[in-house]
1. Only residues that are closer than 21 Å to residue 230 by Cα and either without any contact (Cβ under 8 Å) to a residue 12 or more places away in the chain or not assigned by TED's automatic domain parsing to the domain that holds residue 221 (or both): list them for the range 127-159, please.
2. Given 130, 163, 114, 104, which one is in a helix (DSSP H, G or I) and closer than 20 Å to residue 330 by Cβ?
3. Looking only at the range 245-260, decide whether some residue is surrounded by fewer than 18 Cβ atoms within 10 Å (Cβ to Cβ), within 20 Å of the chain's Cα centre (by Cα) and not in a helix (DSSP H, G or I).
4. Residue check, residue 121 against (1) in a helix (DSSP H, G or I); (2) at pLDDT 95 or above, all met but one. Which one?
5. Just to be sure, is residue 296 touching a helix residue (DSSP H, G or I) at 6+ places or on another chain (Cβ under 9 Å), without any contact (Cβ under 8 Å) to a residue 24 or more places away in the chain and assigned by TED's automatic domain parsing to the domain that holds residue 267?
6. Just to be sure before I move on: is residue 231 within 26 Å of residue 119 (Cβ to Cβ), in contact with a helix residue (DSSP H, G or I) (Cβ under 7 Å, 6 or more places away or on another chain) and in contact (Cβ under 8 Å) with a residue 40 or more places away in the chain in the structure I sent?
7. Select from the range 325-340 the residues that are on the phi < 0 side of the Ramachandran plot and buried (at least 21 other Cβ atoms within 10 Å of the Cβ) and list them in ascending order.
């Protein structure tokens, strides 16, 4: 029963404020009057379960069994995973220094070029002059092509190619005088050839053309001048050996031990340790070549010659690196796999040729 109207006087409704004494009767005789209290109103049980007097959920099979358990309305912390953590990754293997080029292709191309040069040098001198002339023409084509692509400078290739080949041949046939005359005529031909086009850019085009004429074919004529001597093939071979050995020594020592940069703004790959290697290798090779290959040569002369070659070859390499950095390119061409272009192989040879010719003239003469 859920009714609180027991013993309520008439006129009062359920749960009124006044409650009178119990009526007398046989059941209540001899006992004190008991004060009745209204029965508490039992609320309906909510669907979510029982609640205590403070509105908290009473314990039931679906609720928490202990006070320190997390209530259902709060997210439960994830249980720790029983899967063991993965083993730590092994340390990355230390990478070896990379040569930066296809070494196998570079060696193969170098051996092939060396065979052609030596065969033409000792079998027929004129054939070697032809090899030099072809290298000059290809080098001029690479240089003028890169100038036009990167700087929009149109150095006239036709007069440069014809004049460059003529300069090499004239140096071999007529000596230094013939080389100078051919050089002057080539520069004049560049000026005249460019006049057939509009005047816009004339000055920069002819300036680049004259520079190309002196940079490539004029320096190459000193190789032809060395070849005119009685022991010309040996002199040219000495020149080639010292330059190649200097480059190889710089590359090998710099790649293995190089730490201090030689000219980081021009060629970040060159180091001071590499320069020491170039000087050491070139001086040793120079002493051997002058002692055993050059008529009337002495080993001490080879030491001086090797030092000069190491300096000129390094400066020549830095010079072309400066040109390529200005043009924003890595190589002058792609004709030689593993090497780049012809100009990438002539960079140290061209400025070294007049230096070697000069030292030969001082030590053993030009005959």
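1. Within the range 127-159, 127, 130 qualify.
2. Only one candidate qualifies: 104.
3. yes
4. (2)
5. Against the criterion (touching a helix residue (DSSP H, G or I) at 6+ places or on another chain (Cβ under 9 Å), without any contact (Cβ under 8 Å) to a residue 24 or more places away in the chain and assigned by TED's automatic domain parsing to the domain that holds residue 267), residue 296 does not qualify.
6. Here the answer is no, as residue 231 does not meet what is asked.
7. Listed by number, the list holds a single entry, 332.
The values are calculated or read from the model by the stated rules, or taken from the named source; none is laboratory data. Quick caveat: nothing in here was measured; it's all calculated off a predicted structure. Every residue, glycine as well, gets a Cβ built from its backbone with ideal geometry; the counts of neighbours run over all protein chains shown.
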